[in-house]
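Scroll down for the structure; my scribbles are underneath it.
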Amino acid sequence: MNEIDLDAHLAQAATDIAAATDLAALKDLDGVLLGKKSAITAAKRTLGGLEPDQRRALGLRLNEVRDELTGLLDERRRHLEVGERAAQLENERLDLTELDHGRRLGHRHVITQTWERLEDLFVGMGYTVSEGPEIEDEWHNFGALNFPPDHPARDMYDTLYVNYGDPQSTLLRTHTSPVQVRVMEDQEPPIYSIMPGRVFRSDTADATHMPVFHQIEALVIDRGITFGDLAGTLEAFTTAYFGEGFTSRLRPSYFPFTEPSAEFDIRRPDGSWLELGGCGMVHPNVLTAAGLDPEEWSGFAFGFGLDRLALMRHDIDDLRELFRNDHRFLSQF
Amino acid sequence: MKVLLSWLREFAPLEGTPEGIADQLSALGLAVEEMTAVGEGFEGLVVARVLDLRPHPDADRIQLVDVDAGDGQALQICCGAFNMSVGDLVPLATLGTVMPNGMEIARRKMRGEWSNGMLCASEEIGLGDDSEGIMLLDAALEPGTPLSEALEIVSDVLYELEVNPNRPDAMSVAGVARDLAAVQQVSFSLKQPTVQESGDPAPGRVSVEIIDPDLCGRFALRVLDGITVEPSPRWLANRLTALGMRPINNVVDASNYVMLELGQPSHTYDLARLDGAGFSVRRAVDGEEITTLDGVERTLESSDGVVTDAQNVVIGIAGVMGGASTEIDETTTTVALEMAWWDPISISATARRLGLRSEASARFERGADPEVAELAMQRFVELLAPSGATMAPGLIDVRGNLPVAGPVTVRVARVNALLGTEISQEAMSALLASLEFANTVDGDNLQVVVPSFRPDTTTETDIAEEVARLYGYANIVKTVPLSTLTGGLTSRQKDRRLVRNTMLGLGIDEAMPVPFLAPGDLAAAGLSAAGVTVANPLVAEESVMRASLRPGLLKTLAYNASHRLTGLQIFEVGHVYDQPAQSQPLPDENEHLGVALAGVDAGEAVAVWSALADALALGQYELVADQPAGLHATRTARIEVSGTLVGFVGEIDPTVLAAYEVPQRVGWLEVNLDVLLALPHGVKMFAAFSRYPTSDVDLAFEVEESVPAAAVATALREAAGDLLVDLALFDVFRSESMGEGKRSLAYTLRFQADDRTLTDGEIAETRQRCIDVVQGALPAVLRS
């Protein structure tokens, strides 16, 4: 092949490269123009039989032509690649609004949400979380909490008993307070613990009553604990849980297991009051029943309904809704 | 307990607005549940006399009434009631009167006849509960008199108080006034009634013997002569009505009035009807009978206290209700007046057993004041004196066992330490004195004598509460305990959250069915558990405690399906209860996780389990085909972790679904978390992995349906040994060409050595060993 043939070859090759419409065709062309069977390779094989001058001249020219062909091929390849990607993107076009129906997380029950919020808050204040059985014995639910047998204070609780052991010896706990007794039996003070849990009363279900509901209570036993500490702890809880602008107050009340006893109310920022729960200094008889010396240890306890906080937080007006398990309810929260 | 402000002020010059006093009551622990202005709204109401009654010409249900409203003229009123007669006196709402319900009385025509006002029923003007008939007034009244004047109605404030069981003293108007006087620092006094003794001395006429002194702490008697049973004076009846008691006659009303005022219940016996005036107080004999005032014949038990006559016949149930045989009536002229102190526990037990809770038993149960009887008897006589009653000379006063209340040593420093206050000894002494807790200084302490009307107060701590109450809870400085303890959840509590979070992450919603079941619910779910039953359920639907989460979750699916809400994926974490295998103090109680997946099969339930096992970082577990009752017989496996049964996974038995009316198949998982979380789980140690290349080999076997895939996997693991780093079942299919009873299981095995690149020869050899072991151990054939 001489130089004139090379020019023609180059011109033809340029036309062919420009005519290649996809990457596969271009790859074939690459093989034809630069591969082992290409005209260029064949021409190179002839160089050995030429005179030195001719060989040099033709060799240089062959290299130039090969470089040019490589350049043309690369350029065309880039061009085709851009086009093919654009075509691919166009082919893959999705309407994402058609697809907006994918995975969802499950919904945590509002009672669990409230329960865990309270746990987290008290854990942050340095409390542990304690638990006890829902079916209790009479001693832990009443006796150890300073309710003498036949004491009218037992009438404050509409107790559901279960058929187990002696009659009226075993019951569905009417409050979370028996856990206080169990904690004091099992642990050495100081004790800073909360006791969330499920409790039962013989009540007909209505918008504000359920035979099963939830309470949370706190027990602190340490040296030198005062009624002022109770008031201050409740104040700290009130602000932390309800927010800035909420305050608390205590009013005298009566519970067999605390003395002095109090009701605690929450004052909303608009000035209205909400009765939240009961509290007091742990009664010396309760400390003694749990094997603690009231002269050495003192403490406070407070408790309130958990479900009502859930109702308030989510603006739910009927307690029964929490236990009906209608999916239209469960899936809202 | 209800109290009237005017009544409170008879004992102390109380200051402040009704609202201010309400706040003080609440701060004293006597929470004001309701405050109402009473005796107002009577403007325009007058006494009128019925002059004539005529049928309405055009209406059957109303009549025309002519009344004289005081001017002697006949005024025509249309009236829908027919209970009055000519000459009766009735309340008339004159034109312009605004009724309590807001209606203004105007002159208007009713079916063509003018009505010039409205005749009122007692309920319409807040004086009773009769809404049908027109209220008939005392015939002695003058027509035209304003009704409030005629009925001696005064405007007043009524407080309804919540009184706690430890405050028997606040079950009386005087007791409430005493608290208020103490906090206001004004004087309080119980006035001494002005009554004289006269006539035949009582001691020769009646006698008292207390046979069981632990039942009766005090039994005081007075004899009253000259009794005329008649209606009470209007002011007294009004007060009783305001406090929620119905006026009966002057004797009964005096008894109730004294009880409300001083807290001392009483009982009156018609002396003429008594078979021998020798009273005895004792426990009843089992089976003894009495007909009580309400006409009911009651059988007594030996725990009940009774009062008997001289013939040892029961004439009253102590402190609860008197007998019919000695009841006073219109013929009564002489009564024996009993004021006693009864053992609170006995009264409580008897009242509860007989279902007879009365105002009297409520006071005895809490512990009445044993020392107020004499004053209360004189007050009783004073109230009856205007009707001619006289008090025979001599008080019969027999005592049994009364609680002995010695002085209480109160350490001032200890009280301050408990309250977090710095009240001086002098100030504490003064606070207590204002509540009539007499006290003397004794070194750093106070010796405090608790008054007889506060039987609840017996210890230093009780007295600390009194100090705090009067000092004001609001005045105690709020502090926070200084603790260096760290809080936190236990690992069990963290695990519970992890379980919940895993379910939520899988898109499963949390449900919370109640733990009560109806009889038969457990059996309908295929559960044979004996269950724990409620001894006193309100309804049968709440009489059995669940032994599994299955019934509750199935009921939830059924409830939702009945509202066209299907395909629910729900879970619950909660306690289940059962009779224990061996004797133990309490029934078995375990925390379970239950998962119900409506509309999907067992495979989805297994996927939930494996995700949970992964989240909890459990070790190896096994799913072993099983047929527990209530679960799908061919689609259920028991879950064994380290050889321990932790629960079941699969589907609900279609028979159970039908019984619970669940319209879809239900994938099911129930795990005992107490068992599961006690097994090793959680933090895993790092297992180093090889840096050398891996090689994948795919093997597909035709396997008999009776052979679980897990058995194939086990055989492959055994055959491949340590070189197998991953095994995945990537395809399962059945086809006609393969035939019935077989399916193809295709696995990818990934081989890798820790210390070298595996050669083709090693891989081929391991592959062959896998094939040989599976084919040799199981009815399985390699697919070519």
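How crowded by other chains is B:502-515, given as the mean number of beta carbons from other chains within 10 Å of each beta carbon?
If you average over the peptide's residues, the count of other-chain Cβ atoms is 6.
Kindly state, as a whole number, the per residue volume in cubic angstrom of the convex hull around the alpha carbon atoms of segment A:3-99.
85 Å³
Averaged across B:463-470, how many Cβ atoms of other chains sit within 10 Å of each residue's Cβ atom?
4
With the charge dipole of segment B:207-399 set up from +1 on Lys and Arg Cβ and -1 on Asp and Glu Cβ about the Cα centre, the Cα lying farthest toward the positive end among the listed residues B:Gly355, B:Ala242, B:Gly287 is that of B:Ala242. Averaging 1/r over each pair of different alpha-carbon atoms in segment B:660-784 and inverting the result gives 17.3 Å, the Kirkwood hydrodynamic radius.
The charge dipole of segment B:611-679, taken about the Cα centre with unit charges on the Cβ atoms of Lys, Arg (+1) and Asp, Glu (-1), comes to about 100 debye, rounded to the nearest 20. Listed by chain and number, the lysines placed with their C-alpha closer than 29 angstrom to that of B:Lys191 are B:Lys2; residues fewer than eight positions away on the same chain are left out. Length gained on full extension, A:Glu98 to A:Thr208, computed as 0.36 nm times the residue gap minus the Cα-Cα distance: 35.2 nm.
Classify segment B:31-104 as rounded, prolate or oblate from the Cα gyration tensor: take a ≥ b ≥ c as the square roots of its eigenvalues, call it rounded if a/c is under 1.5, otherwise prolate when a/b beats b/c and oblate if not.
prolate
Model label points for B:Met110 and B:Ala611, set 7 angstrom from Cα along the Cα-to-Cβ axis, are 7.1 nm apart. The protection proxy used here, the mean number of other Cβ atoms lying within 10 Å of each residue, ranks peptides B:512-525, B:93-106 as follows, highest first: B:512-525, B:93-106. Seen against the Cα atoms of chain B and their longest principal axis, helix B:18-27 is set at about 50 degrees. Quick check: from the Cα gyration tensor, does segment B:515-613 come out rounded (a/c under 1.5), prolate or oblate? Note, shape of segment B:515-613 comes out oblate. Each residue of segment A:287-293 was assigned a 3J(HN,Hα) from its phi angle through the Karplus curve 6.51 cos²θ - 1.76 cosθ + 1.60 (θ = phi - 60°); the sequence is 4, 4, 4, 8, x, 10, 7 Hz, with glycine and proline shown as x.
For chain A, the longest principal axis of the alpha carbon atoms and the long axis of helix A:3-19 meet at an angle near 30°.
Between the listed residues B:Cys78, B:Pro55, B:Met110, the Cα displaced farthest toward the positive end of the dipole of segment B:45-150, a dipole computed from Cβ unit charges relative to the Cα centre, is found at B:Met110.
GluC sites (Glu not before Pro) within segment B:680-784: which are DSSP loop residues with at most 16 other Cβ atoms inside 10 Å? Loop-located and lightly packed - B:Glu705, B:Glu736, B:Glu740.
Taking a straight line from the alpha carbon of B:Lys684, these lysines sit under 28 Å away, with near neighbours fewer than eight places off in the same chain left out: B:Lys494. Packing here is the average count of other Cβ atoms within 10 Å per residue, and on that basis the peptides B:379-391, A:44-56, B:688-700, highest first, run B:379-391, B:688-700, A:44-56. Rounded, prolate or oblate: which fits segment B:140-263, taking a ≥ b ≥ c as square roots of the Cα gyration tensor eigenvalues, rounded meaning a/c under 1.5, else prolate when a/b beats b/c? Verdict is oblate for segment B:140-263. The Rg/Rh ratio of chain A, with both radii computed over alpha carbons and Rh defined as the Kirkwood radius, is 1.59. Computed over the protein assembly as shown, the range of Cα coordinates on each principal axis works out to 168, 77, 67 Å, biggest value leading. Rounded to whole numbers, the Karplus 3J(HN,Hα) couplings from phi for segment B:499-516 are 4, 4, 4, 5, 4, 5, x, 7, x, 9, 8, 8, 10, 9, x, 6, x, 8 Hz, using 6.51 cos²θ - 1.76 cosθ + 1.60 with θ = phi - 60°, and x at Gly and Pro.
Rounded to the nearest 500, the 222 nm mean residue ellipticity of chain B from helices alone is -7500 deg cm²/dmol, with -39,500 (n - 2.57) taken per DSSP H run of at least 4 residues. Look at the alpha carbon pairs under 8 Å that are at least 6 residues apart: their mean separation over the length of segment B:408-471 gives a relative contact order of 40 percent. Close amide H partners of A:Leu160, meaning residues 5 or more places away or on another chain with modelled amide H under 5 Å apart, are A:Leu172, A:Ser202.
Between A:Met312, A:Leu89, A:Ile194, the Cα set farthest toward the positive side of the dipole of chain A (charges on each charged residue's Cβ, about the Cα centre) is that of A:Leu89.
For segment B:321-369, the set of trypsin sites (Lys or Arg not before Pro) satisfying both a DSSP loop assignment and a count of at most 14 other C-beta atoms within 10 Å is given as B:Arg357. Counting only lysines at least 8 places from A:Lys37 when in the same chain, those with an alpha carbon closer than 22 Å to its own are A:Lys27.
Remark: segment A:257-268, residue by residue, has Karplus-estimated 3J(HN,Hα) of 9, 9, 6, x, 10, 8, 9, 10, 10, 10, 9, 7 Hz, where x stands for each Gly or Pro and the curve is 6.51 cos²θ - 1.76 cosθ + 1.60 at θ = phi - 60°.
Averaged over residues, the count of other Cβ atoms within 10 Å places the peptides A:240-248, B:255-263 in the sequence B:255-263, A:240-248, highest first. Residue by residue along A:185-192, Cβ atoms of other protein chains within 10 Å of the local Cβ number 1 on average. The largest-to-smallest principal axis extents of the Cα set in chain B are 128, 88, 57 Å.
Computed from the coordinates by the stated procedures, all read-outs in this text should not be read as laboratory data. Computed from a predicted structure; not experimentally measured. Heads up, the Cβs are rebuilt from the backbone with ideal geometry, glycines too, and the neighbour counts pull from every protein chain shown.
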